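Down below is the structure, laid out as structure tokens.
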Amino acid sequence: MKLSIAFCLGLLGVHLTAGSAFAGDDASKEARVARGKYLVTVAVCNDCHTPWKMGEAGPEPDMSRMLSGHPAQLKVAAPAKAPEGAWNIVAAPTMTAWSGPWGVSFTANLTPDKETGLGKWTESTFIQTIRTGRHMGRGRPILPPMPQPMYKNFTDEDLKAIFSYLQSIPAVENRVPEPLPAAAAKE
Amino acid sequence: MLPPGFSRPARRSIGLSALVVVAALSCVAASTAEPASAPSPPQTLRETGLYLPGTGLVVDPAHLAFSPQYPLWTDGATKRRWLSLPPQTSIDASRPNAWDFPVGTRLWKEFSFGRAVETRYIERLADGQWLYATYIWNETGTDATLAPADGVRGLPVAGAPDGRYSVPGEFDCRACHEGAAVPVLGFNALQLSPDRDPLAPHADAFSATDLRQLVARGLIRNLPRELLDAPPRIAATSPTERAALGYLHGNCGHCHNADGSPVPVDARLAQDVSLGAKSSEQVLRSLLDASSRFRAADLPHDARVVAPGRPEASTLLWRVRSTNPQTQMPPLGVRALDREALELLERWITERSSNLPES
């Protein structure tokens, strides 16, 4: 009988310990995603990576396409000519295409879509991208106006939280075009 | 008070929540512990141990000089390379494409344009990670000191293209070296094979250290016997193809491979010495007539990664020929075109008249 009681108490202990570990994992993941959402919000990622639309009170991010980058259907064939005067950067009405001395940059699809977003990225790829300022951590330079020179100072924990949040949002299929060089190139 | 963005998990029961809190606190304690600070590189090249102490700039003869058969192009710089293993240690070659180097392994690569400009250094640390550093030589060539972590852009160097040279930062080093199965890129079975490729661009005819010497001296162990009996050689339909695939292996394979993080163009340019002749087949299948999303004004609409017989429709050639930072390949470490390699790649694509048969 004593053995049975001890056995049951042991089982209970194992159950509670395992349960608490899972609960701890869930809470930790939940906290990390929440932290990532907070960072994405205050670091104004939506200002460029979410297409803008004209709302009742003027221009506003179209949250139905949250963080999905430059819309593929909005074609840009060549850099814009800057207006006369002290101007050298021109933005599309969606705030997702930017023309400047570097050519034309298009904001990336940050949603977890497998083929057109970050769905195949690893946490390491994301961190290396922000640290190096290179596409996928090893490719072409990331272009203005992405504030990567500032964002590279995020801690690893911050970047992991941001990546966790980005992997948790709805996937949007939207293939963003490659940047255009300063000399015109065709799509 | 939790910071903005945090919410408390719902309480389930007093007993369970107490356990959760204990577990969570343990987790927090573990995750917030200060990480051990990574060792800093020495401030001068001399302190890395490349030279014999008290001898000026005499390289320690205990270090192994070597020369890969498919060297990386760096704007035409000439290079010297050395490897040092700690005493009584050896390299485990049981994974033929990912040799395991012992803790304390050090490698140096010196870049020169008439005079030494920089020497790059990597070292395997006690925790198994690698340390990366670059040392910039003074103009009189008497000493080299640690470069800033972000590197140096546009260093005035007579003899370099346009008289300018860029020294990579630490993240540039990691971008290339940590994209492959092992960060040591030029010291492996294929690069040190005694069956050297006579058409490889910019290669030395011989390496002071090769695979057979390493085995004979007991510096590598567990190398599969077949790689010693038949040293690695890129299988190809012609000498031109062998050299072209070798060039792609040495200059592109550290990012475009099957082992590391994904990159946008899914070309497999790293050779796999464990596959024998099938290695080249794997590489060619990822290139020949492979679809390409890359578009440019002077590329035809039906461009492929490599269009057999049509260099003008091959995006690979277009991108190796590009000097636009947004489109050039490789994307870093290169400012000047490698004309010898471009001629080789164009000749190979022109001669390559057909795709592989269906598998």
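The values are calculated or read from the model by the stated rules, or taken from the named source; none is laboratory data. Being a predicted model, the structure only gives us computed values, none of them experimental. Here the Cβ is made from the backbone with ideal geometry for all residues, glycine too, and neighbour counts use every protein chain on show.
Here are the numbers for this structure:
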item	result
Exclusive hit being under 22 Å from B:P325 (Cβ atoms) and either without any contact (Cβ under 8 Å) to a residue 40 or more places away in the chain or in contact with a Ser or Thr (Cβ under 6 Å, 6 or more places away or on another chain) (or both), set A:T107, A:T111, A:T122	A:T107
Qualifying residue in the stretch A:125-143 (condition: within 19 Å of A:Y38 (Cα to Cα) and loosely packed, with under 14 Cβ neighbours inside 10 Å)	no
Subset of the stretch A:131-156 [among the β-branched types (V, I, T) and more than 19 Å from A:T96 (Cβ to Cβ)]	A:T132, A:T155
Test: residue in the stretch B:74-82 that is free of Cβ contacts under 8 Å to residues at least 40 places away in the same chain and among the hydroxyl-bearing types (S, T, Y)	yes
Given (1) within 12 Å of chain A (Cβ to nearest Cβ); (2) surrounded by 19 or more Cβ atoms within 10 Å (Cβ to Cβ), index of the condition B:A297 fails	(2)
Residue match in the stretch B:303-311 (condition: within 19 Å of the chain's Cα centre (by Cα), away from every other protein chain (no Cβ under 14 Å) and closer than 24 Å to A:K120 by Cβ)	no
Sole exception among (1) part of a helix (DSSP H, G or I); (2) modelled with pLDDT under 95 for B:G179, by number	(1)
Residue match in the stretch B:194-210 (condition: farther than 18 Å from B:L107 by Cα and part of a helix (DSSP H, G or I))	no
Candidates B:S238, B:S193, filtered to the one that is buried (at least 17 other Cβ atoms within 10 Å of the Cβ), over 16 Å from the mean Cα position of the chain (by Cα), small (G, A, S) and farther than 17 Å from B:L269 by Cα	B:S193
Members of the stretch B:137-163 found to be without any contact (Cβ under 8 Å) to a residue 24 or more places away in the chain, outside any strand (DSSP E or B) and of a type in the set (G, A, S), listed by number	B:A149, B:G151, B:G163
Tally of residues being assigned to a loop (DSSP other than H, G, I, E, B) and more than 14 Å from the chain's Cα centre (by Cα) across the stretch B:95-136	15
Matching residues in the stretch B:322-357 - criterion: being without any contact (Cβ under 8 Å) to a residue 24 or more places away in the chain and outside any loop (DSSP other than H, G, I, E, B)	B:R339, B:E343
Search result, residues across the stretch B:32-54 that are at pLDDT below 95 and in contact with a helix residue (DSSP H, G or I) (Cβ under 6 Å, 6 or more places away or on another chain)	none
Test for B:S166: is it within 14 Å of chain A (Cβ to nearest Cβ) and outside any helix (DSSP H, G or I)	yes
Index of the failed condition, A:A77 passing every other in (1) modelled with pLDDT of 95 or more; (2) closer than 11 Å to A:P177 by Cβ	(1)
Close pairs from the stretch B:246-269: first under 18 Å from B:D338 (Cα atoms) and touching a residue at least 60 places away in the same chain (Cβ under 8 Å), partner among the β-branched types (V, I, T) and part of a loop (DSSP other than H, G, I, E, B), Cβ under 9 Å, at least 6 apart	B:G246/B:I234; B:H249/B:I234; B:N251/B:V334
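Here is a yes/no grid of residues against (1) of a type outside the set (K, R); (2) surrounded by 18 or more Cβ atoms within 10 Å (Cβ to Cβ); (3) in a loop (DSSP other than H, G, I, E, B):
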site	(1), (2), (3)
B:R212	no, no, no
B:P231	yes, yes, yes
B:R242	no, yes, no
B:L248	yes, yes, no
B:N251	yes, yes, no
B:D259	yes, no, yes
B:V265	yes, yes, yes
B:S274	yes, no, no
